[in-house]
Amino acid sequence: MAASSATPSALPSSSAADAVAKLAAASVTEVTAGGSSQADDPAEAYEREHVHGVYEAIAPHFSATRYKPWPAVASFLHAQPPGALGLDVGCGNGKYLGVNTDVFMLASDRSPSLIRLARERCGLTRPDAPAAGAVSDLLVADGLSLPFRERAADFAICVAVIHHLSTRQRRQDAIRQLLRCVDAPRGKVLVYVWALEQGTSRRGWDQGGEQDLLVPWVLKAQHQHQQQQQQQQPKKKKEKKSRQRQQDTTSAAKDQAPDEPAAPAAPADGGDVGGQGEGEGEKASAEPSGQAADPVFQRYYHLYRQGELEEDVLAAGGVVVESGYERDNWWVVAANGPATPPGQQQ
Amino acid sequence: MKVLTLNFLTCAVKSCRTSADSFPLHPKDAELVSDDVELNPQLLVNLLPRIDWNALRTTATELGFPTLPEQPPTPEELQADEKMLQDLHKLLMETQISEGKLVCGACGHEYAVREGIANFLLPSHLV
Ligand SMILES: [Zn+2]
């Protein structure tokens, strides 16, 4: 399995590429050694710092910027038959729950803070649960160790999640996990990731560029209070907050607001793929006065080049049903391949 | 966490996947709450084929609900049986485990449920 091609780059985030090159080397050893991920997997530790820790720390701010469903995801959900059982892996604040109230959604995320927010958002904490709460449920789980029983679901979505995994092996494993949980051969999995090819956005990333990046999130002052309240809740012992104060705020400001669609059709909410909100983030970077006090968190991203997502689906034992590009993101609808009998998958 | 959800969950430990004992997970010290959810007969009828009936019978008994029939109703039967619809709706959609643990019958690992949220993150030695 070819390691992802890390091309040299002048981007400030080349440290991410260096780190990832080491992780890829480490995980090759790991795979030959036994095929399963290990407790002290360096890739896991890296993601703990540059993905999980960040989302725990920015959860309320992140959630506040995320409420508009991506069109391709919404239409996938609406295409499901009534009574279908769906999974939303890496559901974040749960913005896709209740989009189609004729299906039941089981949603998971690695971040307990985001799951708590999603639960409030869906009304699951209220006895008079509104539509979303009546047709969905939430739990905390790791995308690489999903607790759903084999073939349990009719479909799954995984939006802006897999690009946070720091080795190709782990990204393919995540797709394999999704495929394992849906019916075969009919069950469909929609995967949505950030694209390297973003020629029309002002982020400046495009074909041939660096694929492994650290992308800053500026936690705005007005959200820090909210954040602290969140962190004062019980059982939040090992919060790792606001380490990683950004060394280069200029580049931070420039790269801010990635995963969100910059599309004219999207209002200032920021869509969602991946992470940062266009509206929120841009505002943050446009107010130099606030910047000194606003902590910056670095999230790891692997930007997918054209065709790479389809390759990963095939490597995971799946087949590509449909694929496309939408506002700086690649997406694919995958199904289980004929050669993957249940029980034989990881 | 709804009782319906429990019917789709198994142990997150990889080595438990091949073990029949890892499903369903067994509630322990479970505190139950009941939500008021509007009955949606069509959703229940359509979800029926996705439900593992034997596992649901086990869960219902373990949670102290009346014993379910040995065989699941057919969609037509369920559609026509108001009482069965009400009972299943109450069990699957309205009943939530708010606190407690879910125990794997294969490896014995206990997953905590707090404030209605089950946590399936594994300690590093089980990943
Ligand atoms: Zn187990």
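May I ask for the distance between the Cα centers of region B:6-52 and region A:312-340, given as a whole number of Å?
28 Å
How much of the accessible area of chain B, probe 1.4 Å, is carbon plus sulfur, in whole percent?
The computed percentage sits at 49.
Can you give the average number of partner chain beta-carbon atoms within 10 Å of each beta-carbon in peptide B:28-40, as a whole number?
For peptide B:28-40, the averaged partner shielding equals 3.
Taking 51 Å as R0, compute the FRET efficiency from the Cβ-Cβ separation of B:E70 and A:E49 and round it to 0.05.
So the FRET efficiency works out to roughly 0.50.
Between B:K83 and B:A20, what FRET efficiency comes out of the Förster formula 1/(1 + (r/R0)^6) with R0 = 45 Å and r the beta carbon distance, rounded to 0.05?
Approximately 0.90, to the nearest 0.05.
Any idea of A:D154's accessible area? Nearest 10 Å², probe 1.4 Å.
Answer for A:D154: close to 40 Å² accessible.
Which FRET efficiency value, to the nearest 0.05, is calculated for B:Q42 and B:L63 with the Förster distance at 30 angstrom and r the Cβ-Cβ distance?
After rounding, the FRET efficiency stands at 0.75.
For chain B, find the longest principal axis of its Cα atoms and tell me its angle to the long axis of helix B:53-62, 0 to 90°, nearest 10.
Taking the Cα atoms of chain B, the angle to B:53-62 is about 80 degrees.
Per the helix-only calculation at 222 nm, which mean residue ellipticity applies to chain B, given -39500 (n - 2.57) for every DSSP H run of n ≥ 4 and division by its residues, nearest 500 deg cm²/dmol?
Calculated at 222 nm, the ellipticity per residue is -6500 deg cm²/dmol.
Kindly compute the accessible surface that chains B and A hide from a 1.4 Å probe when together, both sides summed, and give it to the nearest 100 Å².
Heavy-atom accessible area buried at this interface is about 3300 Å².
Once you put a point 7 Å from the Cα of A:E120 and another 7 Å from the Cα of A:V320, both along the Cβ direction, what distance in nm separates them?
Modelled inter-label distance: 4.1 nm.
The values are calculated or read from the model by the stated rules, or taken from the named source; none is laboratory data. Quick caveat: nothing in here was measured; it's all calculated off a predicted structure. Reconstructed Cβ throughout: ideal geometry from the backbone, glycine too, with neighbour counts over all protein chains shown. Side chains are part of the model used for accessible areas, which takes the heavy atoms of the whole protein and leaves out ligands, DNA and RNA. Shrake-Rupley method; radii C 1.70, N 1.55, O 1.52, S 1.80 Å.
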